[in-house]
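I have placed the structure first, in the form of structure tokens, so that the comments after it can refer back to it.
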Amino acid sequence: MHLLETAYQKEYAHRRGGCSAVEYIDRFGLLGPHMTLGHGVWLNEKDIDRLAETGTCVCHNCSSNFRLRSGVAALNRLEAQGVYTGIGIDEAGINDDRDMLQEMRMVLRAHRVPGMDDSVPTAAQVFRMATSGGAKTTVFGETIGTLAVGRAADMVLMDWRQISYPYLDQEVPLLDAVLLRAKTEGVRGVVCDGEVIYADGKFTKVDRDGALKSLHDELQNALTDDEVDRRGLSKALLPHVKAFYANYIDPSRHEPFYKPSSRV
Ligand SMILES: [Zn+2]
């Protein structure tokens, strides 16, 4: 379930239940390894401890959180406390192209707080989030996410030359190189559950060009009356929604972390 994606939701939980959203759903026994919380941007420290304690998973939607002004999730804290995390695209990636390779780089780079300690995500952590971590957030956790006997063979084959040309220092760990440099155009093949679904630049199960063309053709038509109505409704509703949430996020209620005047 989505939880605490926005600051509005955090405030809503307090008004509705007099507690945090995590404490609220905990009352109903909803936390545990069977539960994956989408976003979790506005978790507090106590919430995060509780997620770790119950084995609850979090799906980190990094791009979406940027794009929708949701905030920056406390990934370093989640990782430090041992919460199971995965990476989601949430249909709102930065480039509208569902590029998971770029999303991994985004996660790798978005949480780099200043300092010299290794408290920022490593390539290995991000890779784990994108593979076995992601698997854990689904009901297929025991059968996907790693390459092992008995598991579904889900593999992406990358062109090493795309990653290593024109130069790659020998000391760069392989995983770092893949995470930092792999691009979608370097993908040579994709195997899903042992079946080749992409090879030699072509999808084997889907007529990609045909699908895009029919999508394009269908969307050349004028909007239906229903679609026009809904667009109008959305515009008409906005001022009321704004009014409803007007005092949900009030920066003046919080002490600023840094007060410029106190330094003068
Ligand atoms: Zn979402």
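The values are calculated or read from the model by the stated rules, or taken from the named source; none is laboratory data. Just so you know, these numbers come straight off a predicted model, no measurement behind them. Neighbour counts are summed over all protein chains in view; Cβ atoms, including those assigned to glycine, are modelled from backbone coordinates with ideal geometry. Accessible surface areas use protein heavy atoms only, side chains included; no ligands, DNA or RNA. Shrake-Rupley method; radii C 1.70, N 1.55, O 1.52, S 1.80 Å.
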Of all accessible heavy-atom area on the chain, the percent that carbon and sulfur account for (1.4 Å): 56
Plugging the Cβ-Cβ distance of D229 and A199 into 1/(1 + (r/R0)^6) at R0 = 41 Å yields, to the nearest 0.05, a FRET efficiency of 0.35
Setting aside same-chain residues fewer than 8 positions from K202, which lysines have a Cα under 18 Å from its Cα? K183, K213
Once you've got the GNM for the chain with C-alpha springs shorter than 10 Å, pick whichever of G29, G134, G189 has the biggest mean-square fluctuation. G29
Explain nothing, just compute: Karplus ³J(HN,Hα) = 6.51 cos²θ - 1.76 cosθ + 1.60, θ = phi - 60°, for every residue of region 176-182 in order, whole Hz, x for Gly and Pro. 4, 4, 4, 5, 7, 10, 5
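For region 1-142, what is the accessible area per residue in Å², given a 1.4 Å probe and the full set of protein chains? Don't jump to the answer; show the numbers that get you there.
Details: 7350 Å² over 142 residues.
For region 1-142, the solvent-accessible area averages 52 Å² per residue.
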The Cα radius of gyration of the chain, divided by 2.2 N^0.38 Å with N its residue count, comes to 1.20
Straight distance only, please: which lysines reach the Cα of K242 with their own Cα at less than 21 Å, same-chain residues fewer than 8 apart left out? K10
Evaluate the Kirkwood expression for the hydrodynamic radius of region 1-142, namely the inverse of the mean inverse distance over all pairs of different C-alpha atoms, and round to one decimal in Å. 15.2
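Length gain on complete extension for the stretch R98 to Y165, per 0.36 nm per residue less the alpha carbon to alpha carbon distance?
Working: separation 67, 0.36 × 67 = 24.12 nm, distance 2.51 nm.
Contour length minus Cα-Cα distance gives 21.6 nm.
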